[in-house]
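Student: Handing you this structure, nothing more for now.
The values are calculated or read from the model by the stated rules, or taken from the named source; none is laboratory data. In this text the structure is predicted, and so the values were computed from the model without any measurement. Cβ: placed from backbone, ideal geometry, glycine included. Neighbour counts: every protein chain shown.
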Amino acid sequence: MFTDQPADANDGIVDAMTNQEKVDLLSGFGMWKTAGIPEHGIKPVIMTDGTYGVRYSIPQIDSDERGGMDLDAFLSVVNQRASDVAIAWGEMKPATCFPNGSAMGNSWDEALMQRLGTLLGRECRAMGVHLLLGPGINIRRTPLAGRSYEYYSEDPLVTGKLSAAVIEGIQSQGVGTSLKHFACNNSEVERTTMDSIVDERALREIYLKGFEIAIKQSNPWTIMSSYNRLNGVQASQDPWLLDDVLRKDWGFEGVVVSDWHGIKDRPASLMAGGDLDMPESPRRKADLLAALDSGAVPAATVDLSCRRMLDLIALCHKGAEGAVPAYTADEHHAEARAMAAASMVLVRNEGLLPIQPQMRRIVVVGRDAGTPVIQGSGCATTIPTMVDQPLEQLQKVLSAEQTLTFRTEADAETLELAASADLVLVYTSTEGAYDGEGSDRTTLTLGPGQDEMIAALAAVSDKVAVIIACPDAVEMPWIEKVGAVLVTFYSGQAMGGAVADVLTGAVNPSGKLSVTFPKRLTDVPGFLHYPGENGQHVYGEGIHVGYRSYDMREIEPLFPFGHGLSYTTFAYADLSLSATEIGLNDAIAVAFTVTNTGDRAGAEVAQLYLQAPGKRLKRSPQELKGFAKPLLQPGESRRIEITLKGSDLAIWDPALKRWVLEGVEARLVVGASSRAAQLTADLKLKPSVLPFRRLAYDTQPAYVLPNAIACEGICAYLTARCNISPEDAMRMLQHCSNSFFGIFTSLERRLRLSIPEAEVAHLIEEINAAMDATEARL
Ligand code: BGC
C-alpha cells in the first residue's frame, strides 16, 4: 500500500534526524495531532474519533498549541456521556451520528458499510481530519461489555467483512483508519490493567480473526493496540501480537498506534512494534529519548518506526489534496436514516406490523418516543447535526385519520386507552448510566420500570409492539405476551425516522441479529469467568463464543444469531457445490437460489454455515462461513454464489502453530438464521494433517499404535537394536498397548533393555520429521 513512497526517500530524512526529533515524530503532539518538524519537511497529522461519527473537539484540535495536553481533557473525552451531548455544543463540531456499530452489524451489508465509510471519510475531509480512529471491532463476547455498542458482532467473519468494507469506504476518501482495539479488550472492567487469558485457538479463530480478515482485505493505514494485557503481556508492548502475528503472519505494513495513554513502558512498546505513542506524554517521551541515547533501543528499530510514520504522513497529506466532496447535513441525515432502517431487527411479529391504514387509534407509550437514545457513551459519542424525534416522525408518515396519543408511563389512564387502542407502541431502552466506555452493564434488563410497563400494557392489549434501543442483547421476560418487537440498537440521529419507516412498512425490515440474545444472563457463554478476578479474566469458553457456545451446550436462546423477520417471505432452493471435497489450498463455489415468495420487495440475509465434527481438535457445532443479502422484488429469484476457500474452513493447531484441515465428513448448511436451516449439502474436508500428535518421549503406546509412521520407525529401530524380525518388533509394540508408561519406558520394561536417551531423541526427531514430510504432501 505504501508503494508510492520509495523506501529510500524516507531513509535520507530519517538519517538526518536527531534522537529528539525521532521521539517527536513517534509521539503525539497534544491530544489529537502528531508533531510537525518543518526542518525535515514533516507535516503534522490530525486524527480524531470515532467509530460511527466524527468527533472533532475545536479547542483540542484547533489551538496552535498542544491542545488537550492535560489529563482532564483526555478524561472529558472518554467519560463523555451520550445523555450530555448538549453540554459539548460549541466545543465540538457537529457531525452526522450514524447508527452505532452494534446497529450496523445487523445490516450484514458490505455495500452499506462501505457507504458508511465513504460518508465518514467525507466528513473527515470537510473537517480537515487525516485519520479517523476506527472502526472498533472487538468481538462481543458478553452483551454486558460497555463498548459493545461500538462493535459489530460475536462472530469474526461478520466482524471482519463489515469492518473491511468501512475501512475501504473511509480510505477511498483519502482518509486513514485505525482498526482497534488490538486485541482482546472485550470488557471495560479494569480495562487498562486486566489480563485477558485467552487460549491460542480462541485467539486465532475468534478474537484475532476479524482483524486478520479486515487487514488482509482492506489495508487499514493504522491499527490501534489495546489497553489490556493479553496472556500476561501489555498489548501495546507485546512483540508476539504486534510483530509476529500482525506483521510477519499477516503482512501488515502500516503504523501501530497506541490507545490513549495505553503504553506503560515506552521503550518496550517501540521494541515490540508500537510505532506511535498517543497522546503526547512528556514522561514517556523522556523515557524513549533516554533509551535511544543509551542504545537500549537500537537505532534500526526506531528508524524503522520513523519510516513507517513518514509513509503514513505522506499518505495522509496526499489524501487531503483535491477538492472536498460537497454534501449537506440533510443529505447525510437521510442516508443515516436509510442505514438505520436497513439495520433494525424485527425479532418478533405476530401479524401486528406493519401499521395498517385501518389502525386508527394508536397509543404511543414511553419517554423514548420523545427523547430517543441514539448512541452510547464514551470517546465515540458524536455531537449530532440534528436528532429525529420518533413521535414527530411517526406522526409525519401516518394518515390524517390515524391519531397518536402520547403517554410516558403506563398509569391507569394509559392502560384504559391502551385497552381500546388499535395499536400500542412502546418505545423503550436500557438504562443509560451503566453502559459505555469505562463501565460494563450490570444486567441485561431494560431501564428501571420498563419491563413492568410493557407487561402491564400487554395485560390489557394484544396489540402491543415494543421498540427497543439498546447497546447489545437484552432480556425480554414479557416476550410471549406482545405482538411485535423491533430492536433498533443505538441507531444514530435518524433513528426516529427510521423506526417510523419500518413500523409503517415504508422500509421492509431486513436486519438480522449479529449476536445471540440469551434468555437470561446466566446463559451467556463467558458467564462463569466474567468479569475475572485478581486482575485476570480467563476466557474459559475458548473457541465457543456466541452462538457457537449456545449450539454446543444446546441452550435455547431468546433469539438466535442471524435471526430477523421481514414483512415478506423467502424460499431457498437448489444448493449446489462445484466440488464435494475441499483441501486447504482449494476453493469451491457454493450456489443456491433465494426467492421472494411474498408480495412486497425485501432483502434477505442468507447465511452459510459449516458443520464439521472435530477430530483431534474440537470444533463448535457450526461456524458461519459466508453470507449474502439480496434485495428481491415480489416473485423474484436470485442465484447466490459464495466462494469458499479451504483456508476459510481451517482451524488453528496450537501444537503445529499453523492452520490445518482435519479430514472429516462435513456439511454445509444454508440458513435464514443459525437455527433456521434451509438447505444442506455434504462436503468432505481433505486432511492437511495426520490425525495424530507428534511423538514425545512419554507418549503412551495406545496413542502410538494407530500412527503407522511412528510404528514403522520404532519397529525399524527395534529390529536393528534387538536383532528381531519386523513382525516380532510389531508384536512387542502391540503388547505394550495398555501400558501406563510412555512408549520408550514400556519397551524398556518389556524387552528388558535400556534405550539410550540420545537414541530416543534421534528416533523421535526422525519420526516427527517423517510426519512433517507426509503432511507436506497432503
Ligand atoms: C479509547 C479509544 C479512543 C481514544 C481516543 C481511548 O480511551 O479506548 O477507542 O480512540 O481513547 O479518544
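Student: I need the full set of residues from region 596-611 which are assigned to a loop (DSSP other than H, G, I, E, B) and surrounded by 23 or more Cβ atoms within 10 Å (Cβ to Cβ), in order please.
Tutor: Kept after step one, since they are assigned to a loop (DSSP other than H, G, I, E, B), are these residues of region 596-611: 597-601, 604-605.
Of everything in region 596-611, those that are assigned to a loop (DSSP other than H, G, I, E, B) and surrounded by 23 or more Cβ atoms within 10 Å (Cβ to Cβ) turn out to be 604, 605.
Student: Now a separate question. Go through region 176-228 and tell me which strands (runs of 3 or more DSSP E), entirely inside it, have 2 or more residues that are within 11 Å of the ligand (Cβ to nearest atom) and either modelled with pLDDT of 95 or more or under 20 Å from residue 79 (Cβ atoms) (or both).
Tutor: The qualifying strands (runs of 3 or more DSSP E) are 176-182, 222-225.
Yes/no matrix, rows are residues, columns are (1) touching a Leu at 6+ places or on another chain (Cβ under 6 Å); (2) under 18 Å from residue 107 (Cβ atoms); (3) at pLDDT below 95:
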{"site": "604", "(1), (2), (3)": "no, yes, no"}
{"site": "614", "(1), (2), (3)": "no, no, yes"}
{"site": "618", "(1), (2), (3)": "no, no, no"}
{"site": "626", "(1), (2), (3)": "yes, yes, no"}
{"site": "635", "(1), (2), (3)": "no, no, no"}
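Student: Could you tell me whether region 470-479 includes any residue that is part of a helix (DSSP H, G or I) and among the acidic types (Asp, Glu)?
Tutor: No; the residues of region 470-479 include none that is part of a helix (DSSP H, G or I) and among the acidic types (Asp, Glu).
Student: When you check residue 269 against the structure, is it small (Gly, Ala, Ser), within 13 Å of the ligand (Cβ to nearest atom) and at negative phi, yes or no?
Tutor: So residue 269 does not fit the description; no.
Student: Further question: Being within 24 Å of residue 777 (Cβ to Cβ) and surrounded by 14 or more Cβ atoms within 10 Å (Cβ to Cβ) is the filter here, so list the residues in region 582-595 that pass it.
Tutor: Of the residues in region 582-595, the ones within 24 Å of residue 777 (Cβ to Cβ) are 582-588.
Matches in region 582-595: 582, 583, 584, 586, 587, 588.
Student: Please verify whether region 20-42 includes one or more residues that are over 18 Å from residue 129 (Cα atoms), modelled with pLDDT of 85 or more and assigned to a loop (DSSP other than H, G, I, E, B).
Tutor: Yes; the residues of region 20-42 include at least one that is over 18 Å from residue 129 (Cα atoms), modelled with pLDDT of 85 or more and assigned to a loop (DSSP other than H, G, I, E, B).
Student: Follow-up question, since we're still on this one. Output the residues belonging to region 79-100 that are in contact (Cβ under 8 Å) with a residue 60 or more places away in the chain, away from the ligand (no atom under 16 Å from the Cβ) and assigned to a helix (DSSP H, G or I).
Tutor: Hit for region 79-100 is 83, nothing else.
Student: Right, here's the next one. Would you pick out the residues in region 101-133 that are more than 17 Å from residue 343 (Cβ to Cβ) and assigned to a loop (DSSP other than H, G, I, E, B)?
Tutor: Across region 101-133, the qualifying residues are 128, 129, 130, 133.
Student: Report the residue count in region 238-291 for those that are among the polar types (S, T, N, Q) and over 22 Å from the mean Cα position of the chain (by Cα).
Tutor: The first filter runs over region 238-291 and keeps only residues among the polar types (S, T, N, Q), leaving 258, 269, 281.
Restricting the remaining residues to those that are over 22 Å from the mean Cα position of the chain (by Cα) gives 269, 281.
Qualifying residue count for the region: 2.
Student: Which one of these is more than 16 Å from the ligand (Cβ to nearest atom) and surrounded by fewer than 24 Cβ atoms within 10 Å (Cβ to Cβ): 73, 111, 103?
Tutor: 111
Student: Okay, next question. For region 391-404, state whether one or more residues are buried (at least 23 other Cβ atoms within 10 Å of the Cβ) and at pLDDT 95 or above.
Tutor: Within region 391-404, one or more residues are buried (at least 23 other Cβ atoms within 10 Å of the Cβ) and at pLDDT 95 or above.
Student: Which members of region 161-202 meet the condition of being within 14 Å of residue 226 (Cα to Cα) and of a type in the set (Val, Ile, Thr)?
Tutor: Within region 161-202, 189, 192, 193 qualify.
Student: I'm trying to understand the selection: among the residues of region 330-389, which are in a loop (DSSP other than H, G, I, E, B), among the β-branched types (Val, Ile, Thr) and either closer than 25 Å to residue 516 by Cα or in contact with a helix residue (DSSP H, G or I) (Cβ under 7 Å, 6 or more places away or on another chain) (or both)?
Tutor: 355, 373, 374, 381, 383, 385
Student: Do you know which of the residues in region 114-149 that are in contact with a Leu (Cβ under 7 Å, 6 or more places away or on another chain) and within 13 Å of the ligand (Cβ to nearest atom) is farthest from residue 439 (Cα to Cα)?
Tutor: The residue in question is 132.
Student: I'd like the full set of residues that are within 14 Å of the ligand (Cβ to nearest atom), among the aliphatic types (A, V, I, L, M) and in contact with a helix residue (DSSP H, G or I) (Cβ under 7 Å, 6 or more places away or on another chain), limited to region 38-70.
Tutor: 46, 54 - these are the residues of region 38-70 that are within 14 Å of the ligand (Cβ to nearest atom), among the aliphatic types (A, V, I, L, M) and in contact with a helix residue (DSSP H, G or I) (Cβ under 7 Å, 6 or more places away or on another chain).
Student: Among all residue pairs at least 6 apart or on different chains, which show Cβ distances below 8 Å where the first residue, located in region 246-262, is within 22 Å of residue 313 (Cβ to Cβ) and part of a loop (DSSP other than H, G, I, E, B) and the second is among the aromatic types (Phe, Trp, Tyr) and within 16 Å of the ligand (Cβ to nearest atom)?
Tutor: Filtered contacts from region 246-262: 254/221; 259/227; 260/74; 262/227.
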